[in-house]
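Presented below is the structure to which this report refers.
The values are calculated or read from the model by the stated rules, or taken from the named source; none is laboratory data. This is a predicted model, so every value here is computed, not measured. Glycine also receives a Cβ, built like all others from the backbone with ideal geometry; neighbour counts cover every protein chain displayed.
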Amino acid sequence: MTTTIDRRTLLHAVAGAAVASTATGTMTSAPAASPATYTPKPLSLDPKSIKGISEKVLASHYENNYLGAVKRLGAIRGQLADLDFAKAPNFVVNGLKREELIALNSAILHELYFDSLGGGGAPSGALRDAITSDYGSLERWRAEFSAIGKAEGGGSGWVILAYTPREKRLVTQWAADHTTTIAAGRPLLVLDMYEHAYHMDYGAKAGAYVDAFMEAIAWDNVTSLYAQASREG
């Protein structure tokens, strides 16, 4: 019989393993880091003013889902700050880092969601011109965006209108759960851990492949990408 484990159960299991690791010394051989602090934003709208979405729903959404994600992110980062990555079990590292991404993206995307509500009307100026250029018309974009949201009905995920610097255009993005990427992130260094990236050279010795990668990083490129990303925000 197959047993389904939800994220809450998984996180509790990982946290329990992390506590157990402390007792056996896994977390004590390396100095603890200071966890990064994520400061929550105030609700950017009047929850009484949004037609079609009640004050009760918006207040609950902000207080429970958004602030809950921020609180969860802080707890996860606290565990990561205490973790000795050189000795921690793989499933603990994997579980905590996955949950960190989920919580971080949840916080970021919720902020953008709340910022997207209010006003009404239609886009104007440069944004209108960009949508018209990239989609053919405002109506075509609206139909696509709405269709994606409806297609996700009964499931979970996000619909996002994003600007991609690579293509210098707008993209209407489907996102599953919160794990697709850090919202608006610009990657600086990427390691492919799919088997197609190393199996022909290393077989099952993925660790040897990682070691080789770490010795072959083009740091000049990483530095250049960082300078560009920090300038453009």
Residue within the stretch 180-187 that is touching a strand residue (DSSP E or B) at 6+ places or on another chain (Cβ under 7 Å), in the same structural domain as residue 131 (by TED's automatic domain parsing) and within 30 Å of residue 111 (Cα to Cα) present: no
Listing of helices (runs of 4 or more DSSP H) fully contained in the stretch 28-117 that carry 1 or more residues being modelled with pLDDT of 95 or more: 67-82, 90-116
Test: residue in the stretch 121-132 that is closer than 28 Å to residue 52 by Cβ, in contact (Cβ under 8 Å) with a residue 60 or more places away in the chain and part of a helix (DSSP H, G or I): no
Any hit, the stretch 140-161, residues being closer than 21 Å to residue 112 by Cα, in a loop (DSSP other than H, G, I, E, B) and among the hydrophobic types (A, V, I, L, M, F, W, C): no
Candidate set: the stretch 170-189, residues that are assigned to a loop (DSSP other than H, G, I, E, B) and small (Gly, Ala, Ser); chosen: the one farthest from residue 232 (Cα to Cα): 176
Selection from the stretch 212-226 of residues that are in a helix (DSSP H, G or I) and at pLDDT below 85: 212, 213, 214, 219, 221, 222, 223, 225
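Here's the yes/no breakdown for (1) of a type outside the set (D, E, K, R); (2) more than 16 Å from the chain's Cα centre (by Cα); (3) surrounded by 15 or more Cβ atoms within 10 Å (Cβ to Cβ):
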| site | (1), (2), (3) |
| --- | --- |
| 47 | yes, yes, yes |
| 54 | yes, yes, no |
| 59 | yes, yes, no |
| 64 | yes, yes, no |
| 68 | yes, no, yes |
| 82 | no, yes, yes |
| 92 | yes, yes, yes |
| 98 | no, no, yes |
| 104 | yes, no, yes |
Residue in the stretch 209-223 that is closer than 17 Å to residue 90 by Cβ, of a type outside the set (Asp, Glu), in contact with an Asp or Glu (Cβ under 8 Å, 6 or more places away or on another chain) and not assigned by TED's automatic domain parsing to the domain that holds residue 166 present: yes
Breaking point among (1) surrounded by 12 or more Cβ atoms within 10 Å (Cβ to Cβ); (2) charged (D, E, K, R); (3) modelled with pLDDT of 80 or more; (4) not in a helix (DSSP H, G or I), for residue 167: (1)
First in the stretch 207-233 and within 10 Å of residue 189 (Cα to Cα), second anywhere and surrounded by 10 or more Cβ atoms within 10 Å (Cβ to Cβ), Cβ under 6 Å, 6 or more apart: 222/188; 222/189; 225/188; 226/188
Scope the stretch 190-211; condition surrounded by 10 or more Cβ atoms within 10 Å (Cβ to Cβ), among the aromatic types (Phe, Trp, Tyr) and not in a helix (DSSP H, G or I); matching residues: 198
Unique match (being farther than 26 Å from residue 97 by Cβ, under 26 Å from the mean Cα position of the chain (by Cα) and of a type in the set (Asp, Glu)) among 152, 167: 167
